[in-house]
Amino acid sequence: MRLAVNVDHIATLRNARKEQEPDPVTAAHLAELAGAAGIVCHLREDRRHIQDRDLRLLRQTVKTKLDLEMAATEEMLRIAIQTKPDLVTLVPERREELTTEGGLDVKAKRAALKPFIAELCRNGVPTSLFIEADEESVKIAADLGATHIELHTGLYSRLRKPDDIERELARLREAATLGRKLGLTVVAGHGLNYINIVPFASLSDVIEEVSIGHAIIARAALVGIERAVRDMIQLLK
Ligand code: PXP
């Protein structure tokens, strides 16, 4: 299973002080040096983390694969066509949410999504749909012309009881298997961390890639503290 790293929260930290650092573009470069197979960023309507400048520079500097998460709006369509990421992942977006809360309601949004995906395709940009792991959503995603689906692992990531975890893994496996049968590239993400990724990796025969942000940026902050403090103490000597 390949790892794509979401760098949004490096930008969250930078924006908290309205400074230039830490820079998500530098973080993306280091993630690639460490072996990430792709870089993900979410340009939100309110620009709460990733900014237009970040996306421009990421497009110029990412050497693996740039996945732009965005809402299906006219503004984002224009930006995606200009920027030409390697993949657009369409996600639902609500202003008041802390992070993407659920999969896209592909059934309700079918009529709007079809021409949107076609327009991206005409401009050479493949589309992934962030969906719940159910049969109907997978079938609709294939019918809408998406090349990829990203299965929502938010529920999986919150489960604690072994039986519940097994059941959810089986549900994800079934949806991924169907997606592959329909010719889709199947990836997954949301809430995956250093603990729940271990059982999740048993799906590596049906899920090609995971997209992980928060857990990696959180660990980076902690494992980097000792070195950062020592470096500062050295300068004080
Ligand atoms: N995939 C999608 C579609 C997302 O919206 C997010 C959150 O930005 C992620 C994956 C990564 O989730 P997390 O930050 O919990 O790893």
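Please count how many residues of region 58-102 are touching a helix residue (DSSP H, G or I) at 6+ places or on another chain (Cβ under 7 Å), over 15 Å from His42 (Cβ atoms) and not charged (D, E, K, R).
3
Go through region 1-22 and give me each residue that's among the charged types (D, E, K, R) and touching a residue at least 24 places away in the same chain (Cβ under 8 Å).
To start, the set of residues in region 1-22 that are among the charged types (D, E, K, R) comprises 2, 8, 14, 17-19, 21.
Residues satisfying the conditions are Arg2, Asp8.
For region 203-237, give me the residue count where each residue is within 16 Å of the ligand (Cβ to nearest atom) and assigned to a loop (DSSP other than H, G, I, E, B).
Residues that pass the stated criteria total 3.
Would region 144-161 turn up any residue that is in contact (Cβ under 8 Å) with a residue 24 or more places away in the chain, acidic (Asp, Glu) and away from the ligand (no atom under 16 Å from the Cβ)? Walk me through how you get there before you give the answer.
Step one: of region 144-161, the residues in contact (Cβ under 8 Å) with a residue 24 or more places away in the chain are 144-154, 156-158.
Next, only the ones that are acidic (Asp, Glu) stay: 150.
Then drop every residue that is not away from the ligand (no atom under 16 Å from the Cβ), which leaves none.
So far as region 144-161 goes, no, none of its residues is in contact (Cβ under 8 Å) with a residue 24 or more places away in the chain, acidic (Asp, Glu) and away from the ligand (no atom under 16 Å from the Cβ).
Suppose we keep only residues that are exposed (fewer than 15 other Cβ atoms within 10 Å of the Cβ) and modelled with pLDDT of 95 or more within region 81-104. Which one would you say is farthest from the ligand (Cβ to nearest atom)? Can you show your working first?
Residues of region 81-104 that are exposed (fewer than 15 other Cβ atoms within 10 Å of the Cβ), as a first pass: 82, 84, 94-99, 101.
Going one step further and asking which of them are modelled with pLDDT of 95 or more, we end up with 82, 84.
Details: Gln82: 22, Lys84: 20 Å.
Filtering first and then ranking leaves Gln82.
Can you find a residue in region 39-46 that is over 24 Å from Glu74 (Cα atoms) and crowded, with 16+ Cβ neighbours inside 10 Å? Write out each step before concluding.
So in region 39-46, the residues over 24 Å from Glu74 (Cα atoms) come out as none.
Checked against the condition, which is being over 24 Å from Glu74 (Cα atoms) and crowded, with 16+ Cβ neighbours inside 10 Å, region 39-46 yields no hits at all.
Can you name every residue in region 57-72 that is surrounded by 14 or more Cβ atoms within 10 Å (Cβ to Cβ) and closer than 23 Å to His148 by Cα?
If we filter region 57-72 for residues that are surrounded by 14 or more Cβ atoms within 10 Å (Cβ to Cβ), which is where we start, we get 57-59, 61-62, 64-72.
Those that are surrounded by 14 or more Cβ atoms within 10 Å (Cβ to Cβ) and closer than 23 Å to His148 by Cα: Leu58, Arg59, Val62, Thr64, Lys65, Leu66, Asp67, Leu68, Glu69, Met70, Ala71, Ala72.
Given the residues Gly191, Gly145, which is the only one that is at pLDDT 95 or above, under 18 Å from Val88 (Cα atoms), in contact with a Lys or Arg (Cβ under 9 Å, 6 or more places away or on another chain) and small (Gly, Ala, Ser)?
Numbers: Gly191 fails: under 18 Å from Val88 (Cα atoms).
Of Gly191, Gly145, the one residue that is at pLDDT 95 or above, under 18 Å from Val88 (Cα atoms), in contact with a Lys or Arg (Cβ under 9 Å, 6 or more places away or on another chain) and small (Gly, Ala, Ser) is Gly145.
The values are calculated or read from the model by the stated rules, or taken from the named source; none is laboratory data. Quick caveat, the model's predicted, so the values are computed rather than measured. Quick reminder, even Gly has a Cβ in these numbers, built from the backbone with ideal geometry, and neighbours come from all protein chains shown.
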